[in-house]
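To keep things clear, I will list the structure first and then write my remarks on it.
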Amino acid sequence: MKRKLWQSILLYATVIVACAVVLFPVYWMVVTSLQPPGSLRAYPPHFLPPDPQWQTYIRLFIETDILRWMANSAIVAVAATGISMVAAVLAGYSLSRYQTKSSENVGLFILMSKMLPATMLIIPLFGIMRSLGLMGSLWSLIFAHATAIVPFATWMLKGYFDSIPNELEQAAQVDGCTPWGALFRVILPVAAPGLAATSLYGFVLSWADYLFARTFLANNADSWTVNLGIATFKGEYQTDWNLVMAASLLAALPIMIAYLFLQRFLVGGMTAGAGK
Amino acid sequence: MADIQIQNLNKRYGTFQALHDMSLDVKDGEFIVFVGPSGCGKSTALKILAGLEAASTGSIIIGGEDVTELAPAKRDIAMVFQNYALYPHLTVRQNIGFGLMMRGTDKKQINQRVERAAQALEISDLLERRPKALSGGQRQRVALGRAIVREPRVFLMDEPLSNLDAALRVQMRAEITALQRRIGVTTIYVTHDQTEAMTMADRIVIMRKGVVQQIGSPDALFNHPANMFVAGFIGSPAMNFLSGKVQRDDRGLNIDAGGLRLPVAEAAAAYLGKTVICGIRPESLDLARGDAPALEITPTLVESLGTEAYVHFKLPGQQVATAVAGEHEHQPLGNGTLIARLYDVGTPLSGGTIRLGLKPQASVHLFDPATEQAIS
Ligand SMILES: Nc1ncnc2c1ncn2[C@@H]1O[C@H](COP(=O)(O)OP(=O)(O)OP(=O)(O)O)[C@@H](O)[C@H]1O
Ligand SMILES: [Mg+2]
């Protein structure tokens with residue numbers, strides 16, 4: 001079907017407006033990071049910094065521990081996502097395939113923890129981490145994030161597994177696989193887009209966390225995550241907003257990279273061609 | 001290659017009994033077809049044979065070995081699924097070779113055997129494609145290839161042709177039969193299409209609501225149906241059912257069914273004076289010649305197919321067909337409509353009345369109205 005001219009104009013106008021709304025804050029972060037702190041409140045605002053201060057980024061690496069914080073964040077996000085995926089794949093698969101009367105209730109029960117606000121979970125988690133002696137250690141954050149990721153990831157994956165016909169693993173079993181073999185050789189490869197989307201969800205959730213990090217790690221500067229570190233730039237009387245913005249942009253980079261990397265899995269049908 | 005014994009198989013899902021006490025001996029190399037209406041337990045039986053479902057009670061013996069408790073992987077069977085179940089992430093070559101790979105066959109031999117199977121199925125040029133880039137018929141061939149390449153003891157096929165268009169179905173039907181004859185693997189084939197069953201099977205197992213109704217060759221089922229269900233299911237268009245009283249006159253036992261005198265065998269003597277159900281195949285009726293006793297009918301519909309014509313008509317007081325109607329697609333007429341299948345009609349039949357009689361050699365099947373079992 002061929003679009004009429006006015007339809008095309010409307011379509012592109014909408015897309016451009018939507019992109020502008022979404023991208024403007026990012027753009028503004030870039031602009032702010034390149035200006036001296038004082039000019040933030042300049043009126044009229046500068047949409048293009050007259051004198052870009054690239055050294056802000058260099059200061060970031062020299063004067064702050066941003067690299068260590070990013071490394072900590074990465075360790076936590078990768079480990080929390082990894083642990084969560086193992087649990088969620090097995091839980092989601094069994095909820096999808098081994099349906100018993102109780103599985104429905106178990107499924108809802110898993111989801112319930114997701115319905116509670118994170119601030120409520122943090123108090124019991126605090127107690128648990130302290131008695132495990134994990135306060136200040138990255139492990140506390142890894143486990144805390146896993147508790148937040150697993151419920152939703154389980155449900156996401158259950159949905160993906162539900163959309164894969166049962167006959168696929170039956171065929172694999174007839175072809176000589178054990179039930180585990182069928183899961184690893186057939187179901188997981190077929191569910192790759194779902195695994196990618198779910199991992200990305202977990203990674204972003206962990207990377208973006210401030211609340212848990214603040215609660216468990218605040219006393220140990222060695223294990224600060226990037227969000228925790230950036231928060232310390234905020235002084236009592238004065239804040240270097242250019243530094244905050246530069247650091248935040250840097251912190252957002254891994255997410256963007258992860259997204260680009262996983263993008264090809266996120267689009268496109270996954271079971272296309274299995275059946276009729 | 002192996003024979004199969006199914007012994008007193010039962011399958012319950014909760015309180016629902018999907019299979020009742022099924023027993024069957026399959027000879028080595030035989031082509032068995034399970035046929036029956038939707039939901040009668042065909043797929044369930046096949047899945048139990050494959051080991052994908054556990055039997056509630058009963059046992060399965062393949063090649064003399066009790067496999068009832070064996071995992072599917074250890075049974076050395078191959079299965080073609082109703083929806084093909086090709087692995088979407090693998091190429092056609094990998095799909096077909098998957099079973100061999102799982103069994104640790106070496107790479108070179110896998111490639112050889114995959115290519116040989118692909119050649120037999122004429123899909124050699126599709127080997128590097130993925131399933132989503134194949135047509136329905138091609139997917140079906142790949143699914144078959146995946147089964148034959150393993151050279152298993154038994155083939156199980158669950159309605160493999162149900163997703164194909166009519167012309168392709170006829171062609172694949174012949175190909176599968178030829179393939180099975182050539183490699184001689186014991187095969188159990190599931191379908192709800194009686195034409196497929198009649199054309200492909202050495203023996204047919206006809207099922208209804210989890211109960212085996214009759215086991216026999218296509219001819220045996222057609223000529224000697226054990227009950228009204230089998231009689232109505234096998235043959236298309238379906239058998240006509242009329243009710244009538246058994247009586248005796250100077251020419252012997254007969255039944256007066258809606259005005260037509262049907263001579264019947266002495267076996268019906270026990271029912272003298274009682275009402276029975278007579279089954280008459282549409283092809284047993286013909287235009288009456290001369291002044292022989294005949295049914296005067298007014299066609300409600302004439303379907304002309306060129307060489308033959310299906311004449312639909314009703315007889316007052318004859319509503320017997322409803323007894324089994326509606327249970328399957330071959331018995332669609334629940335309103336007591338009867339059908340005559342006439343050849344060489346000559347002048348078009350329309351309007352007016354026509355006179356129908358029974359062909360000289362036609363057989364009349366009798367059924368007990370209470371049990372629906374054949375009287376013989
Ligand atoms: N997992 C299950 N739980 C409960 N009931 C089931 C289950 N699987 C099958 N059934 C029931 O068992 C009966 C037989 O099912 P089956 O799949 O064997 O039918 P079928 O003869 O293959 O039918 P079709 O021609 O439609 O494929 C059906 O009534 C079905 O609803
Ligand atoms: Mg079925």
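The values are calculated or read from the model by the stated rules, or taken from the named source; none is laboratory data. Computed from a predicted structure; not experimentally measured. Every residue, glycine among them, receives a Cβ derived from its backbone with ideal geometry; neighbour counts consider all protein chains shown. For accessibility, only protein heavy atoms count, side chains too; no ligands or nucleic acids. Shrake-Rupley method; radii C 1.70, N 1.55, O 1.52, S 1.80 Å.
General observations
- Among the criteria (1) under 29 Å from B:GLU30 (Cβ atoms); (2) modelled with pLDDT of 90 or more; (3) not in a loop (DSSP other than H, G, I, E, B), the one B:ASN111 does not fulfil is (1).
- Residue that is farthest from the other protein chains (Cβ to nearest Cβ), among those in region B:28-46 that are closer than 26 Å to B:ARG181 by Cβ and within 11 Å of ligand 2 (Cβ to nearest atom): B:GLY36
- Residue within region A:58-71 that is open to solvent by 90 Å² or more (accessible area, probe 1.4 Å) and either closer than 30 Å to A:LEU188 by Cβ or at pLDDT 95 or above (or both) present: no
- Among the residues of region B:1-27, just one is within 14 Å of another protein chain (Cβ to nearest Cβ) and within 16 Å of ligand 2 (Cβ to nearest atom), namely B:TYR13.
- Applying the criterion of being of a type in the set (D, E, K, R) and more than 21 Å from the chain's Cα centre (by Cα) to the residues of region B:9-22, the residue that is most open to solvent (accessible area, probe 1.4 Å) is B:ARG12.
To keep it simple, each residue is scored yes or no on (1) of a type in the set (A, V, I, L, M); (2) assigned to a loop (DSSP other than H, G, I, E, B); (3) surrounded by fewer than 16 Cβ atoms within 10 Å (Cβ to Cβ).
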site: B:ALA2; (1), (2), (3): yes, yes, no
site: B:GLN7; (1), (2), (3): no, no, no
site: B:LEU24; (1), (2), (3): yes, no, no
site: B:VAL33; (1), (2), (3): yes, no, no
site: B:GLY39; (1), (2), (3): no, yes, yes
site: B:LYS47; (1), (2), (3): no, no, no
site: B:GLY58; (1), (2), (3): no, no, no
site: B:ILE61; (1), (2), (3): yes, no, no
site: B:GLN82; (1), (2), (3): no, yes, no
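- Yes/no for B:GLY97 being within 11 Å of another protein chain (Cβ to nearest Cβ) and either under 14 Å from A:ALA171 (Cβ atoms) or open to solvent by 50 Å² or more (accessible area, probe 1.4 Å) (or both): yes
- Restricted to region B:48-83, and to residues there that are within 16 Å of ligand 2 (Cβ to nearest atom), free of Cβ contacts under 8 Å to residues at least 60 places away in the same chain and farther than 14 Å from B:GLN5 by Cα, the residue that is nearest to the other protein chains (Cβ to nearest Cβ) is B:LEU52.
- The single condition from (1) part of a loop (DSSP other than H, G, I, E, B); (2) open to solvent by 30 Å² or more (accessible area, probe 1.4 Å); (3) within 14 Å of chain A (Cβ to nearest Cβ); (4) not polar (S, T, N, Q) that B:LYS132 fails is (1).
- Test: B:ILE176 is within 21 Å of B:GLN119 (Cα to Cα) and not small (Gly, Ala, Ser): yes
- A:PHE203 being more than 13 Å from chain B (Cβ to nearest Cβ) and in contact with a strand residue (DSSP E or B) (Cβ under 8 Å, 6 or more places away or on another chain): no
- Some residue of region B:22-32 being touching a residue at least 12 places away in the same chain (Cβ under 8 Å), among the aromatic types (Phe, Trp, Tyr) and assigned by TED's automatic domain parsing to the domain that holds B:GLN214: yes
- Test: A:GLY181 is under 20 Å from A:VAL78 (Cβ atoms) and either modelled with pLDDT of 95 or more or within 14 Å of another protein chain (Cβ to nearest Cβ) (or both): no
- Residue check, B:GLY145 at the interface with chain A (Cβ under 8 Å from one of its Cβ atoms), part of a helix (DSSP H, G or I) and crowded, with 17+ Cβ neighbours inside 10 Å: no
- Against the criterion of being in contact with a Gly (Cβ under 8 Å, 6 or more places away or on another chain) and more than 14 Å from chain B (Cβ to nearest Cβ), A:SER223 qualifies.
- Any hit, region A:122-135, residues being among the polar types (S, T, N, Q) and crowded, with 17+ Cβ neighbours inside 10 Å: no
- Verdict on A:SER102 being among the small types (Gly, Ala, Ser) and open to solvent by less than 40 Å² (accessible area, probe 1.4 Å): no
- Residues being in contact with a Cys (Cβ under 8 Å, 6 or more places away or on another chain) and open to solvent by 20 Å² or more (accessible area, probe 1.4 Å) - total across region A:180-212: 1
- Strands (runs of 3 or more DSSP E) enclosed by region B:248-322 - at least 1 residues per element that are under 30 Å from the mean Cα position of the chain (by Cα): B:252-257, B:260-263, B:275-280, B:285-287, B:301-304, B:308-313
- Filter result for B:ARG93 (part of a helix (DSSP H, G or I) and within 32 Å of the chain's Cα centre (by Cα)): no
- Failed item, numbered, when A:ALA91 is tested on (1) assigned to a helix (DSSP H, G or I); (2) not assigned by TED's automatic domain parsing to the domain that holds A:ASN242: (2)
- Of the residues in region B:189-206, not one is on the phi > 0 side of the Ramachandran plot and either within 16 Å of ligand 2 (Cβ to nearest atom) or in the same structural domain as B:LYS314 (by TED's automatic domain parsing) (or both).
- Just one of the listed residues (B:LEU126, B:LEU164) is within 14 Å of chain A (Cβ to nearest Cβ), touching a residue at least 12 places away in the same chain (Cβ under 8 Å) and under 28 Å from B:PRO237 (Cβ atoms), namely B:LEU164.
- Once region B:1-39 is narrowed to residues that are near ligand 1 (Cβ under 8 Å from one of its atoms) and of a type in the set (Ser, Thr, Tyr), the residue that is modelled with the lowest pLDDT is B:SER38.
- Looking across region A:29-56, the residues that are within 16 Å of A:LEU250 (Cβ to Cβ), open to solvent by less than 70 Å² (accessible area, probe 1.4 Å) and not β-branched (Val, Ile, Thr) come down to A:MET29, A:SER33, A:LEU34, A:GLN53.
- Positions within region B:179-199 being more than 16 Å from ligand 1 (Cβ to nearest atom) and under 10 Å from the mean Cα position of the chain (by Cα), in sequence order: B:MET198, B:THR199
- Whichever residue in region B:40-62 is touching a helix residue (DSSP H, G or I) at 6+ places or on another chain (Cβ under 9 Å) and within 13 Å of A:GLU167 (Cβ to Cβ) and, among such residues, is farthest from ligand 1 (Cβ to nearest atom): B:ALA50
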